[in-house]
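Visitor: Mind having a look at this structure? Questions to follow.
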Amino acid sequence: MSNRTPLIIALVASIVLVAPLAIADTGDNVREGVRNPSGGGAAAKETQIIARTAKDTYGTRQSNLGDGGGAIYGCRSALDTSSAAAIADPAKSTPCIRVNNLRAGKAFDFQTNTGRLIGVMQAGQNLTTPRPEVAPFITNATGVAVGLNADRVDGLNAADIIAQAAAAGGGGGGTAACPANTVLTGGGCIENAPRAAASYADAAAACGQAGRRLAPPDVLLHARTLDPINLGSGEMSNDISGITVGTLALDGAVTQGYVTVSDGGALGSNAVTATAPFRCITG
């Protein structure tokens, strides 16, 4: 027996005894994961995986065939809020996950095949606790996000919101938001479409039943300039003061009338018994 024989025997024995401890077979030909580094330490440098793959093929792939997740990442980095540049600089504000496409393609995709929720951005430990001091994200991309571009807010477009804010700030009685199918004007919300022609008494009653009132002539004059208001050849206003139609009636009484306003801004008058289209207004 040579002098090397005891050394070789010891080496073979250590491999046989240690290998089953390092990589254990669970019985399904799946090897258990092990901590890296082992022994409770921590790596002080990056572990890099460099790949050169074609389209629809990735440098690494993690998949879970059970109900668990595919990957979890944790870190303890801090946020440098001294400037916007510092927030965006990974050397000063290192994120837990950074995806950096060095060319012109996408940086990420999120997809769910059948789920009703694509994801969650949660601040703090409880999703039901509001955190108004926390921004979900910041961006310098100001282009239109397809699917997220809001044409209206609470049913109002930009012109409506501006007019509403001006009316409220000026004590005009503006409301927080106009009901559906109305638009803000004159400190109230006027109906977008005219109601069927009616006499003055019937029109006033219809508006009252709706919790509204006939629109004054000055409001109609402004409303005709708004989209989608069109007063046509003339709509009824609530003004009947000082208005006469024709001359003395056969019984010697003065015939009362109401003011009408056309889409062109012309004022006219109709007898209170005559019918005309009308709109109701809140406030």
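Each reported figure results from applying straightforward, stated rules to the coordinates on display, with no laboratory input. Not measured: the values here are computed from a predicted model. Counting neighbours? That spans all protein chains shown, and the Cβs are built from the backbone with ideal geometry, glycine included.
Visitor: With Cβ to Cβ distances under 12 Å as the rule, what net charge do the other residues near VAL259 carry (K, R +1; D, E -1)?
Guide: On the way: positive: none; negative: ASP218, GLU235, ASP239.
In short, -3.
Visitor: Related question: Where a Cα-Cα gap under 30 Å defines reach, which lysines qualify for LYS55, not counting those fewer than 8 residues away within the same chain?
Guide: LYS45, LYS106
Visitor: Then there is this: Okay, which of the stretch 61-95 sit inside 20 Å, backbone N to the point 7 Å along the Cα-Cβ direction of LEU127?
Guide: The answer is 67-74.
Visitor: First select every other residue whose beta carbon is under 15 angstrom from the beta carbon of THR53; then total the charges, Lys and Arg +1, Asp and Glu -1. If you can, show how the numbers build up before the last one.
Guide: On the way: positive: ARG52, LYS55, ARG61, ARG103; negative: ASP56.
Net of charged neighbours comes to +3.
Visitor: Using label points projected 7 Å from each Cα along Cα→Cβ, tell me how many nm separate ALA141 and LYS45, to one decimal.
Guide: Distance between label points: 3.5 nm.
Visitor: In addition: Summing Lys, Arg as +1 and Asp, Glu as -1, what charge do residues with Cβ under 13 Å from the Cβ of CYS207 carry, CYS207 excluded? Walk me through the intermediate numbers first.
Guide: Numbers: positive: ARG195, ARG212, ARG213, ARG279; negative: GLU191, ASP202, GLU235.
Taking every Cβ under 13 Å from that of CYS207, the sum is +1.
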